[in-house]
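Taking it in order: structure first as structure tokens, then the write-up.
Values quoted throughout were computed directly from the atomic coordinates according to the rules given, and no laboratory measurement underlies them. What you see is a predicted model; the values in this text were computed from it and never measured. Positions of Cβ are generated from backbone atoms using ideal geometry, with glycine treated the same way; all protein chains shown enter the neighbour counts.
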Amino acid sequence: MIVRVQEDGTLALDDADTFTAFSAHAPGRDAPAIAAAFGTDGEMRDDDHVWISIARLHELGEVHGSDGWREGCDGMIAFATSKGWVDEAKGLVRAHIDR
């Protein structure tokens, strides 16, 4: 699954039904531009990762995912939680940034 920062700065979801990989695709953008694209739906903690709002991810999945998407996403979130890639207090999941 790829959260893509589009040319106009909005977010879209590519490969929505792939739950074995998770990244943010932001070609040509530096950390401040990526942070601006995610706004309150994300948090930059370093230059290589963005922590994305799980609620926002669910919203994107409603638009771009297939039937049963939420179940698959929740399974991915559970796996990410077991690896320490979820900030449960803030409701965020970590994604590697592809530039």
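Among 10, 60, 22, which residue has its Cα furthest toward the positive end of the charge dipole of the chain, with +1 on Lys/Arg Cβ and -1 on Asp/Glu Cβ? Highest projection toward the positive end goes to 22.
Net charge dipole, the chain: roughly 220 debye, given to the nearest 20, about the Cα centre with Cβ charges of +1 for Lys and Arg and -1 for Asp and Glu. Counted without the sites themselves, the longest stretch of the chain free of GluC sites (Glu not before Pro) in a DSSP loop having at most 12 other beta carbon atoms within 10 Å is 8-87.
The DSSP beta bridges internal to the chain are antiparallel in roughly 70% of cases. Between amide H atoms placed 1.01 Å from N, distances below 5 Å from residue 25 occur with 3, 4, 5, 98, all of them 5 or more places distant or on a separate chain. 3J(HN,Hα) couplings calculated from phi for region 52-57 with the Karplus curve 6.51 cos²θ - 1.76 cosθ + 1.60 (θ = phi - 60°) are, in sequence order, 9, 4, 5, 4, 5, 4 Hz; Gly and Pro show x. Within region 16-77, none of the trypsin sites (Lys or Arg not before Pro) combine a DSSP coil assignment with at most 10 other C-beta atoms in a 10 angstrom radius. Its Kirkwood hydrodynamic radius, worked out from the mean inverse distance over all distinct Cα pairs, puts the chain at 13.2 Å.
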